[in-house]
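First the structure, in the form of C-alpha cells, and then the observations on it.
The values are calculated or read from the model by the stated rules, or taken from the named source; none is laboratory data. Since this is a predicted model, take the numbers as computed values, not measurements. As a convention, Cβ positions derive from the backbone with ideal geometry for all residues, glycine included, and neighbour counts pool all protein chains shown. The area values use the complete protein model at the heavy-atom level, side chains included, leaving out ligands, DNA and RNA. Shrake-Rupley method; radii C 1.70, N 1.55, O 1.52, S 1.80 Å.
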Amino acid sequence: MARKDERVPRRSKILIALALGYALSPIDLVPDFIPLLSQLDDLLIIPALIALALKSIPKEALDEYREKAQQLRMKRRFGMVSLFILAFWAVLAIWLMKLLSKLF
C-alpha cells in the first residue's frame, strides 16, 4: 500500500525495499555457517530497517494502512470459518457415504 502512496517519502520506500530484499536474499552479511550470528544479523537488520522506514511515514497514512489491514484480517477470518464449515460437511458426507455403502 505504501509503495503507491504519494504521502510516503522515497526514503521509506527504499528502506522497506532493502529490508525485503535482505530478507529474501541468499547473501547475508554474516554467513549462515556461523551458527548464532547468522540468525542474529537477520533479527537485527531487518527490524531496524523497517523501524527507520516507519518513523518517516506520516501518522495519518500509517493509521489508514492499519485500518485496511484490519479489514483484510476480518475477511480472511470469515474465509477460514467458511472453509472449516465446508471441510466439516465434506468429511461428514464422505463418512455417511462409506457407512451407507457398507449397509447396502
- [ ] For the chain, report the accessible area per residue in Å² (1.4 Å probe, heavy atoms, rounded to an integer).
- [x] 85
Open item on the list: Students often forget the sequence filter, so: which lysines lie under 21 Å Cα-Cα from Lys68 once same-chain residues fewer than 8 apart are removed?
Closed with: Lys4, Lys13, Lys55, Lys59
- [ ] For the chain, with a Gaussian network of springs between Cα atoms less than 10 Å apart, report the residue from Pro26, Pro58, Pro47 with the top mean-square fluctuation.
- [x] Pro26
- [ ] Would you mind calculating the gained length between Trp95 and Leu29 on full extension (0.36 nm times residue separation, minus the Cα-Cα distance), in nm to one decimal?
- [x] 18.3 nm
Open item on the list: I'm spelling it out carefully: the read-out is Cα Rg over 2.2 N^0.38 Å, the candidates are [x] 0.97; [y] 1.22; [z] 1.81, and one was derived from this structure. Which label?
Closed with: [z]
TODO: Take the Cβ-Cβ distance between Leu54 and Val81 as r, set R0 to 35 Å, and report the resulting FRET efficiency rounded to the nearest 0.05.
DONE: 0.65
TODO: Provide the per-residue ³J(HN,Hα) series for region 26-33, in order, calculated from phi with Karplus coefficients 6.51, -1.76, 1.60 and θ = phi - 60°, each as a whole number of Hz, with x at glycine and proline positions.
DONE: x, 9, 10, 5, 10, x, 5, 6
- [ ] Run the numbers on the chain and let me know its relative contact order in percent, using alpha-carbon pairs under 8 Å that are six or more apart.
- [x] 30
TODO: Quick one, could you list the DSSP H helices from the chain stretching 30 Å or more along their long axis (Cα atoms) with average Kyte-Doolittle hydropathy of 0.5 or above?
DONE: 35-55
- [ ] Roll a 1.4 angstrom probe over the protein heavy atoms and tell me the percent of accessible area of the chain that is carbon or sulfur.
- [x] 73
Task: Top positive-direction residue, dipole computed over region 59-104 with Cβ charges, set Leu96, Met80, Ala69 - done: Leu96
- [ ] Can you tell me how much longer the chain between Leu44 and Arg10 gets when fully stretched, taken as 0.36 nm per residue apart minus their C-alpha distance, in nm with one decimal?
- [x] 10.0 nm
